[in-house]
1. Using the structure shown, decide if E127 is at pLDDT 95 or above, surrounded by fewer than 20 Cβ atoms within 10 Å (Cβ to Cβ) and under 20 Å from the mean Cα position of the chain (by Cα).
2. Would you mind telling me which numbered condition in (1) surrounded by fewer than 19 Cβ atoms within 10 Å (Cβ to Cβ); (2) in contact (Cβ under 8 Å) with a residue 40 or more places away in the chain; (3) part of a helix (DSSP H, G or I); (4) assigned by TED's automatic domain parsing to the domain that holds T196 A42 fails?
3. Which residue out of A261, A252 is open to solvent by 60 Å² or more (accessible area, probe 1.4 Å) and of a type in the set (A, V, I, L, M)?
4. Looking at region 208-238, which of its residues are more than 16 Å from the ligand (Cβ to nearest atom), open to solvent by 20 Å² or more (accessible area, probe 1.4 Å) and not small (G, A, S)?
5. Could you grab me the full set of residues in region 168-222 that are out of contact with any helix residue (DSSP H, G or I) (no Cβ under 7 Å at 6 or more places or on another chain), in a helix (DSSP H, G or I) and among the acidic types (D, E)?
6. May I ask you to list pairs of residues, at least six apart or on different chains, whose Cβ atoms are under 6 Å apart, with the first in region 178-200 being over 19 Å from P26 (Cβ atoms) and the second being part of a loop (DSSP other than H, G, I, E, B)?
7. Test of understanding: among V98, V82, V16, V105, which residue is within 19 Å of the chain's Cα centre (by Cα) and in contact (Cβ under 8 Å) with a residue 24 or more places away in the chain?
Amino acid sequence: MITETEIKKGLAGVVVDYTAVSKVNPDTNSLLYRGYPVQDLAAGKSFEEVALLLWNGELPSQIELTEFIATERAGRALDAGVKAAIDLLPLDCHPMDVGRTAVSVIGARHALANDSSREAELIKAKELFAAFPAVVAYDQRRRRGLDIVEPREDLDYSQNFLWMTFGEEAVPDVVDAFRVSMVLYAEHSFNASTFTARVITSTLSDLHSAVTGAIGALKGPLHGGANEAVMHTFHEIGIDKDESREDAAARAKAWMEDALAAKKKVMGFGHRVYKHGDSRVPTMKAALDRMIEHYGRHEMLGLYDGLEAAMDEAKGIKPNLDYPAGPTYHLMGFDTEMFTPLFIASRIVGWTAHIMEQRASNALIRPLSAYNGPEQRSF
Ligand code: SDX
């Protein structure tokens, strides 16, 4: 008989398996990707290098990196079949549904769809890595009535992502802030979407099914959807106002007091694992600060700092990565509903690394439940 105390709702605090992909340590407030502190990787490695590290367990040699870059750059163009599928979707559907559909279509048409060898999985992972930015870029442009911008092979991953989205070359500072966000979003152990991918993989289903399921999990505002929700919060409080930082902070605090009084969750704050702040926030906040400086939007700092201070004072709850990431993407010019698809583009790496790890040492994931329905009866 299972007792009430044995139930761990939300699997909170439950260790279900080993992983060598990353280590989230709330005691030291740190995050290691295959043993490397994420701050070090964000400071000095390209997103392409970090992807190879997460997939293979080691940073790439120059030859490995050169080969991957060539493959990635050759695989960036939006497939005509995927574009046709996206064009069937209404302009007012959520971009996460476009991302989910695109991956599903890619999988349904893939020659290696049901080849689960590590070699085939790595090929499929690298193809998704290369192909997904064009899905996000095309979706934002079609919603704005703009023509598609073809990828350029003379640009790196981040430069090209911004080129395809905005049709112009971004300045180095903006490209680097984008790269930092991709590195920080790439992997975070058994978060809800990654665990979803592992559950699907554990039945011996295919990689694209696992990634499609993970996208469904990431969409929710308690998880990846929070970066979009943070920007909705900023708009609700009111940005673009010509006011002192103190006045902006006061408005943010008043908004928070109403939200908490209404028992609402303030998006971008709190975390299931980190309880004294998210290890990635300082690095992402530094990138946001650079964007605020670059675009001269200092009034946003009043809102940002004001809400953070108010949440700390009222609930002792700290920001998570989504809190600085949302405003950063806003300043870069991404539409608010495109923020979580940007999270997909990055987390494809973590999801596929975990899919390969699950497959290499698999056990069907099937927990128990305690029955609390009617006792046995007859009709
Ligand atoms: C991501 O898991 C990962 O690693 C995820 C992620 C990754 O990289 O993959 O880090 C990415 O998803 C970050 C989280 C993004 N989500 C949000 O910003 C949504 C807002 N956050 C909350 O919903 C919440 O903090 C969670 C869901 C993130 C975590 O919640 P828990 O661990 O289930 O804790 P809880 O909801 O039970 O909260 C404990 C208490 C509650 O108060 P009481 O009811 O006990 O009085 O803290 C309160 C909560 O009400 N609380 C909040 C709050 N977060 C917690 N109150 C207001 N606003 C919040 N944001």
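The values are calculated or read from the model by the stated rules, or taken from the named source; none is laboratory data. Here the structure is a predicted model, which is why all the values come from computation and not from measurement. When we count neighbours, we look across all protein chains shown, and the Cβ atoms used for this are built from the backbone with ideal geometry, even at glycine. The protein model used for the area step is the full one, side chains on, heavy atoms only, and it has no ligands, DNA or RNA in it. Shrake-Rupley method; radii C 1.70, N 1.55, O 1.52, S 1.80 Å.
1. Numbers: at pLDDT 95 or above: yes; surrounded by fewer than 20 Cβ atoms within 10 Å (Cβ to Cβ): yes; under 20 Å from the mean Cα position of the chain (by Cα): yes.
Answer is yes for this residue.
2. That leaves (1) as the condition not met.
3. So the residue among A261, A252 that is open to solvent by 60 Å² or more (accessible area, probe 1.4 Å) and of a type in the set (A, V, I, L, M) is A261.
4. Residues of region 208-238 more than 16 Å from the ligand (Cβ to nearest atom): 208-209, 212, 235, 238.
From what is left, the residues that are open to solvent by 20 Å² or more (accessible area, probe 1.4 Å) are 209, 212, 235.
Residues satisfying the conditions are T212, H235.
5. Going residue by residue through region 168-222, those that are out of contact with any helix residue (DSSP H, G or I) (no Cβ under 7 Å at 6 or more places or on another chain) are 168, 171-172, 176, 189-191, 195, 199, 203-205, 220, 222.
Next cut, in a helix (DSSP H, G or I) only: 172, 176, 195, 199.
Answer for region 168-222, where residues must be out of contact with any helix residue (DSSP H, G or I) (no Cβ under 7 Å at 6 or more places or on another chain), in a helix (DSSP H, G or I) and among the acidic types (D, E): just D176.
6. These pairs meet every condition: V199/I365.
7. Working: V82 fails: within 19 Å of the chain's Cα centre (by Cα); V16 fails: within 19 Å of the chain's Cα centre (by Cα); V105 fails: within 19 Å of the chain's Cα centre (by Cα).
It is V98.
A quick yes/no check of all residues on (1) crowded, with 22+ Cβ neighbours inside 10 Å; (2) in contact with a Gly (Cβ under 7 Å, 6 or more places away or on another chain); (3) of a type outside the set (F, W, Y):
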position	(1), (2), (3)
V15	no, no, yes
Y18	no, no, no
N25	no, no, yes
L32	no, no, yes
A51	yes, no, yes
